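Presented below is the structure to which this report refers.
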């Protein structure tokens, strides 16, 4: 393997590497890691470069040379020192991600290099450092590695697994290390907006991260479409050239990018289904929290004097555990329990792995995670955080009451025939689009010659066409816009869809729906009418005539809806376009841009 790596190096690269290390000639750049919840920067990854104009300026070639010439330790140590020295003025609320080969965690030189005294010299603390474990080395002894890792975690450092989904960074690594952050390899992020399989994989990672309190970071985001898809999938954070390129200083991202994140997040939270647009933060109660050093006797007094059944335990303002009243009572009820625990710190009996969720997590998702816990923890309280800080507590009783209420309200809004959201949900979504000044497309679907079909084939067959129409619209919207498409049933043969996408993509959707509808609609007619492509019948005012086979007309409005005052104004605007579309023979669509 080393021979293969050596083949890409030149004869004088070893001398160049020696000079770089001896002269400490390494430059450090920092790439922002950005929250996909609100566009704020959560930290920076330190990236090292060789000297400018050096044959080893490229980091891949630089570290390859270090590996070939047995200088990996010296180079990595130099890079870490440089990263920390230059990060002395980093915002104290931001993390510094430092790349570390897993092999060196057990090295005594590494342990000495990261003492609290060393960090204090540079105005930093272990709480702000995240060790990003690279995939350079295959871990053969996970037991020893885990023990070495725990030494740092107990001091306050956090762990991230890099390049998850490639190389050695697989599921075994996640299971053995239980990291605080998981960085998804850029190969899984590339063109994720066009790859349903990648989207499905990321959905699994998102659910895993939510169930285990890990934070998911997408690496290598390069396009707006990739970013939008990741936000819609629920990925916690991201980094990449589209967000910000690495720089020598701790730069913020551009306002246009931050506004895009906020806009996409707002649309995701407000525009789809009612159950998904309710935050868990809306039902939290701000119960008192306690420090890990608080004596169990003090906690017991708190439970006795209040009706609260659980309390969050914090360390340095961050939630690290949960103590439930029944857990504390059980500990005190053991033989000598009162004598042993009353004056001992609560961290001895608390749950160190409680369910912790972000304020903006959908209620239905929290309910799913809570109910999937082990039986002995299923009724434990849920800790809610905002910007990683303790925000409040949600009990299982209040969660179940709230989800039941939401489900009942949502069920009442569904059309009984198609089980699609009805007028209330449609009005709510249009109102939110107007209020939030979102740029999107509203499509209105109407069937042509449907009443004549009902009169001649009966209402039961008419209902079958309505179900078919709903299925065609739903399947195509979900296929093309799996994370940004709302579909509602106004009533009768009228349907609505709201999509956040370009006008070209919305036109492609309309073409697909028209094609699929026309392919299947003939199956609802008898052979004679199917061959004729029309029905001979008498209409509702007594006129006999030939009426074309049922078709679909689509009227669309694309743009920003801020100049509309209410959904009624939008309806009037769309109605004029629908009238125009219905004058076109057969199935058709028209989409107008808002001026």
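The values are calculated or read from the model by the stated rules, or taken from the named source; none is laboratory data. Predicted model only: the values in this text are computed from it and were never measured. No Cβ is skipped: glycine too gets one built from the backbone with ideal geometry, and neighbour counts run over all protein chains shown.
In segment 58-77, how many residues are within 17 Å of residue 13 (Cβ to Cβ) and either in a helix (DSSP H, G or I) or not assigned by TED's automatic domain parsing to the domain that holds residue 33 (or both)? Can you show your working first?
Step one: of segment 58-77, the residues within 17 Å of residue 13 (Cβ to Cβ) are 58-72, 74-75.
Next, only the ones that are either in a helix (DSSP H, G or I) or not assigned by TED's automatic domain parsing to the domain that holds residue 33 (or both) stay: 59-68, 72, 74-75.
Number of matching residues: 13.
Residues in segment 572-593 that are surrounded by 16 or more Cβ atoms within 10 Å (Cβ to Cβ) and either modelled with pLDDT under 90 or assigned to a strand (DSSP E or B) (or both): 588, 589, 590, 591, 592. How about segment 448-467: which of its residues are surrounded by fewer than 17 Cβ atoms within 10 Å (Cβ to Cβ) and assigned to a helix (DSSP H, G or I)? Result: 451, 455, 459, 460, 461, 463, 464, 467.
Specify the residue that is surrounded by the fewest Cβ atoms within 10 Å (Cβ to Cβ); the eligible residues are those in segment 369-399 that are in contact with a helix residue (DSSP H, G or I) (Cβ under 8 Å, 6 or more places away or on another chain) and part of a strand (DSSP E or B). Looking at the filtered set, the residue picked out is 386. Among the residues of segment 445-468, none qualifies, meaning not one is over 28 Å from residue 424 (Cβ atoms), under 29 Å from the mean Cα position of the chain (by Cα) and at pLDDT below 90.
Considered as a group, the residues in segment 334-368 that are in a loop (DSSP other than H, G, I, E, B), in contact (Cβ under 8 Å) with a residue 60 or more places away in the chain and touching a helix residue (DSSP H, G or I) at 6+ places or on another chain (Cβ under 7 Å) include one that is surrounded by the most Cβ atoms within 10 Å (Cβ to Cβ), and that residue is 355. Take residue 361 and tell me if it is within 30 Å of residue 471 (Cα to Cα) and assigned by TED's automatic domain parsing to the domain that holds residue 297. Answer is yes for this residue.
Within segment 503-533, restricting attention to residues that are free of Cβ contacts under 8 Å to residues at least 24 places away in the same chain and either closer than 30 Å to residue 231 by Cβ or touching a helix residue (DSSP H, G or I) at 6+ places or on another chain (Cβ under 8 Å) (or both), which residue is surrounded by the most Cβ atoms within 10 Å (Cβ to Cβ)? Before the answer, list the steps.
The initial filter retains those residues of segment 503-533 that are free of Cβ contacts under 8 Å to residues at least 24 places away in the same chain, namely 504, 515, 519, 523, 526-533.
This time we only want the ones that are either closer than 30 Å to residue 231 by Cβ or touching a helix residue (DSSP H, G or I) at 6+ places or on another chain (Cβ under 8 Å) (or both), so: 504, 530.
Values: 504: 10, 530: 14.
Filtering segment 503-533 for residues that are free of Cβ contacts under 8 Å to residues at least 24 places away in the same chain and either closer than 30 Å to residue 231 by Cβ or touching a helix residue (DSSP H, G or I) at 6+ places or on another chain (Cβ under 8 Å) (or both), the one surrounded by the most Cβ atoms within 10 Å (Cβ to Cβ) comes out as 530.
Conditions tested, residue by residue: (1) crowded, with 20+ Cβ neighbours inside 10 Å; (2) touching a strand residue (DSSP E or B) at 6+ places or on another chain (Cβ under 9 Å).
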position: 147; (1), (2): no, no
position: 152; (1), (2): no, yes
position: 172; (1), (2): no, no
position: 176; (1), (2): no, no
position: 179; (1), (2): yes, yes
position: 199; (1), (2): no, no
position: 206; (1), (2): no, yes
position: 221; (1), (2): yes, yes
position: 230; (1), (2): yes, yes
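Considering the conditions (1) assigned to a helix (DSSP H, G or I); (2) touching a helix residue (DSSP H, G or I) at 6+ places or on another chain (Cβ under 8 Å), residue 445 is excluded by exactly one of them, (1).
Residues that are at pLDDT below 85 and either outside any helix (DSSP H, G or I) or surrounded by fewer than 16 Cβ atoms within 10 Å (Cβ to Cβ) (or both) within segment 411-423 comprise 411, 412, 414, listed in sequence order. When segment 448-472 is filtered for residues that are in contact (Cβ under 8 Å) with a residue 24 or more places away in the chain, under 30 Å from residue 504 (Cα atoms) and out of contact with any strand residue (DSSP E or B) (no Cβ under 6 Å at 6 or more places or on another chain), the ones remaining, listed by number, are 450, 465, 466, 467, 468, 469, 470, 472. Within segment 54-85, being touching a strand residue (DSSP E or B) at 6+ places or on another chain (Cβ under 7 Å), buried (at least 18 other Cβ atoms within 10 Å of the Cβ) and in contact (Cβ under 8 Å) with a residue 40 or more places away in the chain holds for 79, 83.
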